[in-house]
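Here the structure is laid out as structure tokens; the discussion comes afterwards.
The values are calculated or read from the model by the stated rules, or taken from the named source; none is laboratory data. Every value quoted in this text rests on a predicted model; they were computed, and no experiment measured them. Positions of Cβ are backbone-derived with ideal geometry, glycine not excepted, and every protein chain shown enters the neighbour counts. Surface areas here come from the heavy atoms of the whole protein model, side chains and all, with no ligands, DNA or RNA. Shrake-Rupley method; radii C 1.70, N 1.55, O 1.52, S 1.80 Å.
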Amino acid sequence: MTLLTQSSIWQALSTHSKNIPHMRELFATDAARFNKMSLSSCGLLLDYSKNRATAETLDLLFALASNSQLEAKIKAMFAGEIINTTEKRAVLHTALRSTAEQSIIAEGQDIIPEVQQTLDKMQGFVNSVTSGNWKGYTGKAITDIVGIGIGGSFLGPKIVSQALRPYWNPELKCHFVANVDGTSISEKLKLLDPETTLFIMSSKSFGTQETLTNTLTARDWFLAKGGLQSDVAKHFVAVTSNVAKATDFGIDADNIFPMWDWVGGRYSLWSAIGLPIALLIGMDNFRALLSGAHQMDEHFANAPLTENMPVIMGLLSLWYGNFFNAQSHVVLTYDHYLRGLPAYFQQLDMESNGKSVTLNGTNVDYSTGPVIWGGEGTNGQHAYHQLLHQGTALIPADFIMPLQSHNPIGEHHDQLASNCFGQTQALMQGRTFDEALAELANSTLSESEKQLIAKHKVMPGNKPSNTLLMDKLTPSTLGALIALYEHRTFVQGAIWDINSFDQWGVELGKNLGNDVLARIGAEQDSDALDASSNALINLYRQGKI
Ligand SMILES: O=P(O)(O)OC[C@H]1O[C@](O)(CO)[C@@H](O)[C@@H]1O
């Protein structure tokens with residue numbers, strides 16, 4: 001057993017988990033439950049009252065956090081200690097949204113001046129492009145931005161831009177290409193005019209196959225359409241921590257925006273990786289996004305554990321994963337602009353906490369990161385919510401909704417909100433057999449049919465959910481919301497004693513993919529691998545089954 005599962009707190013939580021009353025009862029016996037189990041900060045309200053939790057549960061969970069030195073670990077992250085131990089790196093995405101007056105030391109150097117200089121460089125670039133001063137090779141202003149990147153160098157820019165659609169500069173269109181599938185870039189290029197298109201190549205490492213291949217294809221297209229090699233600088237910029245490699249690749253040195261090793265890819269939208277966002281919404285709004293995230297950083301760093309939103313959300317999710325065998329967690333956004341957020345949180349959490357050994361290399365004997373999935377309400381209600389209500393798996397849910405819509409037409413938003421709140425209520429209270437039977441009282445069914453149908457209509461309820469509300473979806477509230485999930489992920493990783501900031505699991509697939517690529521292009525058929533891999537490669541070489 002690991003120290004964690006041996007600990008008396010863990011054992012106490014395990015015993016306690018078997019003795020929690022149904023949430024219906026918890027609400028029936030405590031009219032103040034919402035007041036006691038909700039909190040507001042940074043423009044967000046979290047209602048966590050619809051959870052399988054009593055005051056004792058929370059006390060035990062906070063004790064677990066304290067026992068895991070959570071507070072010291074939070075301090076270590078903000079202070080720039082090398083908490084990504086396997087890659088020997090500090091983890092300082094929080095520095096990207098700190099104020100200019102702060103001083104944060106990484107590897108012996110204050111990094112804030114560099115962060116601010118990069119923001120200033122972004123500002124100059126955004127002004128130049130959006131004012132029309134930045135001209136393409138035929139003297140026309142830029143109309144289309146294409147972000148080329150993958151993983152954290154794609155999801156953040158794409159999903160935040162999508163979420164902040166009401167703030168877009170109407171003169172600009174933005175596109176993203178991530179997949180190495182040639183269809184992805186081909187379909188985009190069909191929409192574009194090389195004279196007015198600007199490509200932003202985003203790759204922290206500048207070594208990611210998909211991004212390099214897509215950028216080369218874009219450059220070939222640009223040259224084939226009439227651009228000259230000497231015009232490339234007007235149409236290609238890059239964001240990377242590997243400036244030397246970007247220069248070698250042919251990106252003009254002035255067009256390279258730096259980022260740093262102490263920013264993880266999935267935590268990088270706050271850096272120059274966010275350039276497509278800044279171009280679309282303008283620098284003032286981009287700074288408001290950073291400032292919302294900074295407010296959440298301050299809250300996370302300073303609020304006591306018992307009033308700390310990311311801590312509470314992290315602990316509750318861990319509660320279900322480790323003590324109720326919940327293997328997934330669903331994020332349901334009741335706002336069309338936030339439809340991409342579940343995919344963003346999916347990378348954030350699964351790439352961070354999909355780990356099986358502790359920091360000192362011991363195999364864990366408890367579940368770590370759950371599968372994160374989700375989608376937008378109300379669409380999911382007519383699809384996978386059935387399983388949430390009546391399936392055998394326990395799937396804790398987060399419901400996220402702004403109180404005011406950017407598009408307040410007729411009764412739409414009232415209906416959206418009523419569905420959101422109605423779902424959390426249904427999940428919590430369920431429907432008993434007697435209630436189901438009573439609903440059938442006036443039907444023409446026989447008594448035995450009523451009994452049977454009532455059994456099918458029973459919903460056990462007691463399904464946990466959090467509800468997160470904000471007044472309106474703005475750059476600032478979105479910044480706070482994303483930072484909330486970043487820190488929630490951190491809390492869980494800290495308690496599980498894993499490294500939430502490396503991603504060795506993706507390496508093997510990348511390496512083997514390169515090996516297969518060489519075999520596909522070799523003179524001889526493949527015969528040195530397992531029978532399945534050889535056969536698949538050779539079928540591919542033949543181009544038919
Ligand atoms: O920005 P890069 O270096 O191209 O990496 C892209 C993505 O690839 C990963 O390393 C995973 O393969 C992610 O962590 C990262 O966000």
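Some observations on this one:
- Think of it as helices only: each DSSP H run of n ≥ 4 in the chain is worth -39500 (n - 2.57), and spread over all residues that comes to -14000 deg cm²/dmol at 222 nm.
- Centroid-to-centroid separation of the range 431-466 and the range 132-152 [C-alpha atoms, Å]: 58
- Surface per residue (accessible, 1.4 Å probe) for the range 113-204, Å²: 40
- A 1.4 Å probe run over the protein chains yields, for the range 286-350, 27 Å² of accessible area per residue, whole-number rounding.
- Across the range 387-395, computed HN-Hα scalar couplings (Karplus, 6.51 cos²θ - 1.76 cosθ + 1.60, θ = phi - 60°) run 5, 4, 7, 10, x, 8, 7, 8, 10 Hz from first to last residue, x flagging Gly and Pro.
- Heavy-atom accessible surface of the range 422-527: percent carbon and sulfur, 1.4 Å: 54
- Residues of the range 239-280 with amide N under 14 Å of a point placed 7 Å along Cα→Cβ from Glu107: 241-244, 259-264
- Taking the range 40-60 and a reference point 7 angstrom along Cα→Cβ of His406, the backbone N atoms nearer than 19 Å belong to 43-44.
- With all protein chains in place and a 1.4 Å probe, the accessible surface of the range 58-198 carries 50 percent carbon and sulfur.
- Taking a ≥ b ≥ c as the square roots of the eigenvalues of the Cα gyration tensor, an a/c ratio below 1.5 marks the range 127-262 as rounded.
- If you take the alpha carbon atoms of the chain and fit the smallest convex hull around them, that volume is 207 Å³ per residue.
- Just so you know, the averaged projected area of the alpha carbon convex hull for the range 1-100 sits at 9.3 nm².
- For Lys455, net neighbour charge (Lys/Arg +1, Asp/Glu -1) across residues whose Cβ lies under 12 Å away: +1
- In terms of its alpha-carbon gyration tensor, the range 264-366 comes out prolate; a/c meets the 1.5 threshold, and the first ratio a/b outweighs b/c.
- Residue pairs, from the table Lys158/Lys463; Lys18/Lys50; Lys18/Lys75; Lys173/Lys472; Lys36/Lys158, whose Cα atoms sit over 28 Å apart: Lys158/Lys463; Lys18/Lys75; Lys36/Lys158
- Helices of the chain meeting both criteria, an alpha-carbon length of 20 angstrom or more along the long axis and an average Kyte-Doolittle score not below -0.5, with helices taken as full DSSP H segments, are 112-131, 209-224, 309-323, 475-496, 505-520.
- For the range 316-348 and the range 46-101, distance of Cα centres in Å: 18
- Gyration tensor verdict on the range 286-340 (Cα atoms; rounded if a/c is under 1.5, prolate if a/b is larger than b/c, oblate otherwise): oblate
- Kirkwood hydrodynamic radius of the range 401-537, Cα pairs, Å: 21.7
- Counting only residues at least eight positions apart within a chain, or on another chain, the aspartates and glutamates with an alpha carbon under 16 Å from that of Lys135 are Asp144, Glu171, Asp193, Glu195, Asp231, Asp252, Asp254.
- Residues whose placed amide H lies under 5 Å from that of Ser41, excluding near-sequence neighbours: Leu46
- Backbone amide hydrogens, once placed in the peptide plane, bring Asp398 within less than 5 Å of Val330, Val331, Leu332, Asn466, excluding anything fewer than 5 places away on its chain.
- Amide proton proximity set for Gly147, modelled H, under 5 Å, gap of 5+: His175, Phe176, Val177, Ile200
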